[in-house]
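Working notes, beginning with the structure itself.
The values are calculated or read from the model by the stated rules, or taken from the named source; none is laboratory data. Quantities reported herein were computed from a predicted structural model and do not represent experimental measurements. Here the Cβ positions follow ideal geometry from the backbone for every residue, glycine too, while neighbour counts run over all protein chains shown.
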Amino acid sequence: MFLVSRALFCTALLCAGLIGVAVAQPRTAYPEKRGLALGDFPRVVKLADNVYGYEEIRQPGFTTVSLFVVGADGVLVADGQGSPDATKAMLDAIARVTDKPVRWYVVGSDHGDHTAGNSVLPAGISFVVHPISKAQLERDAAAAAKPSTQPGQAPRPPVVVPPTAMTGDKQVVDVGGIEVQALYLGRAHTGGDLMVYLPKQKILFMSEAYLNRVFPAMRSAYPSEWLSVIDKALAMDVDRFVPGHGFIEDPRASREELVEYQKALQYVIAEVNRLHKLGLPVDAASAQANWGPYKEWFLSEQQGPIAVRKVYEEIEGKLK
């Protein structure tokens with residue numbers, strides 16, 4: 001009478017609550033809340049055949065995400081990391097996946113946490129960059145070349161400025177049989193945000209136009225235009241949206257989280273408009289801002305006051 005089939009036995013235990021069911025992955029940018037330790041990074045996440053995400057932890061403890069595509073005759077990388085050592089580690093990780101050379105680099109974001117390690121990229125690499133980002137990198141290079149005014153400060157890594165910029169809103173790269181499109185959908189986190197789209201795989205790497213569960217970072221942003229950029233991304237034939245910060249999600253969750261990120265932007269913009277209508281100066285508005293459910297998102301305390309200043313600039317017509 002003890003000869004019970006394995007299926008029936010397991011079903012009985014499941015009904016009794018003795019076998020755990022799969023637990024949904026927590027939606028958060030905090031590694032520890034996802035059950036991850038700093039020692040788990042950097043890590044490579046396979047997104048499709050020959051398409052990979054690369055997650056590295058940067059201070060104060062959330063991921064910076066790069067994308068790389070392995071074609072028949074070379075590798076395309078979208079966004080680097082925030083230092084020469086970190087970018088070298090990324091290149092080493094790519095070399096463990098393939099012996100193909102890294103031949104193309106797309107500047108999704110011109111910010112230093114994605115470009116400061118570009119000096120270790122292979123010589124002769126082909127860059128894809130928007131003219132706005134190229135101009136920003138030129139300004140950054142000029143600033144980095146000036147002598148430091150602080151005694152004992154370590155020299156800053158050189159800023160790599162691509163020799164040319166794209167001439168339209170779309171540039172197609174044939175990565176050895178894999179079509180990759182660099183797309184400009186408008187101004188968002190920076191003025192020159194580029195997306196990397198793989199139409200066959202239906203993957204869209206959004207760089208810093210999508211910060212998964214990270215409070216909207218607006219230091220150089222165009223808040224309302226950012227919303228329109230996300231609208232355009234959501235209307236595309238995409239199964240998986242990949243962020244520039246925060247974790248890479250499975251396809252369904254990636255769309256849900258991009259929608260949630262857009263809601264966060266909308267909430268922040270609406271809250272700052274409310275404070276502006278009260279006639280509050282920027283500092284007072286920052287102190288009184290109610291970020292609601294987004295207060296618990298990564299970097300809310302740091303990024304909140306910056307968002308207030310930037311939305312005030314937009315309301316007052318000071319954005320250029």
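Filter region 184-225 down to residues that are without any contact (Cβ under 8 Å) to a residue 40 or more places away in the chain and surrounded by fewer than 23 Cβ atoms within 10 Å (Cβ to Cβ) and give me whichever is farthest from Ile315 (Cα to Cα).
If we take residues in region 184-225 being without any contact (Cβ under 8 Å) to a residue 40 or more places away in the chain and surrounded by fewer than 23 Cβ atoms within 10 Å (Cβ to Cβ), then Lys200 is farthest from Ile315 (Cα to Cα).
Would you check which residues across region 59-82 are out of contact with any Leu (no Cβ under 9 Å at 6 or more places or on another chain), outside any strand (DSSP E or B) and surrounded by 18 or more Cβ atoms within 10 Å (Cβ to Cβ) and list them?
Gly71, Gly74, Gln81, Gly82
Given the residues Leu91, Leu8, which is the only one that is at pLDDT 95 or above, outside any loop (DSSP other than H, G, I, E, B) and either of a type in the set (Phe, Trp, Tyr) or on the phi < 0 side of the Ramachandran plot (or both)?
Just one listed residue meets the conditions, Leu91.
Specify which of the listed residues (Tyr294, Tyr312, Tyr261, Tyr267) is of a type in the set (Ser, Thr, Tyr) and in contact with a strand residue (DSSP E or B) (Cβ under 9 Å, 6 or more places away or on another chain).
None of the other options fit; the residue is Tyr261.
Among the residues in region 245-254, are any without any contact (Cβ under 8 Å) to a residue 24 or more places away in the chain, surrounded by 13 or more Cβ atoms within 10 Å (Cβ to Cβ), out of contact with any Lys or Arg (no Cβ under 8 Å at 6 or more places or on another chain) and of a type in the set (D, E, K, R)?
No, because not a single residue in region 245-254 is without any contact (Cβ under 8 Å) to a residue 24 or more places away in the chain, surrounded by 13 or more Cβ atoms within 10 Å (Cβ to Cβ), out of contact with any Lys or Arg (no Cβ under 8 Å at 6 or more places or on another chain) and of a type in the set (D, E, K, R).
Would you confirm whether or not region 103-123 contains a residue that is at pLDDT 95 or above, charged (D, E, K, R) and under 24 Å from Glu179 (Cβ atoms)?
yes
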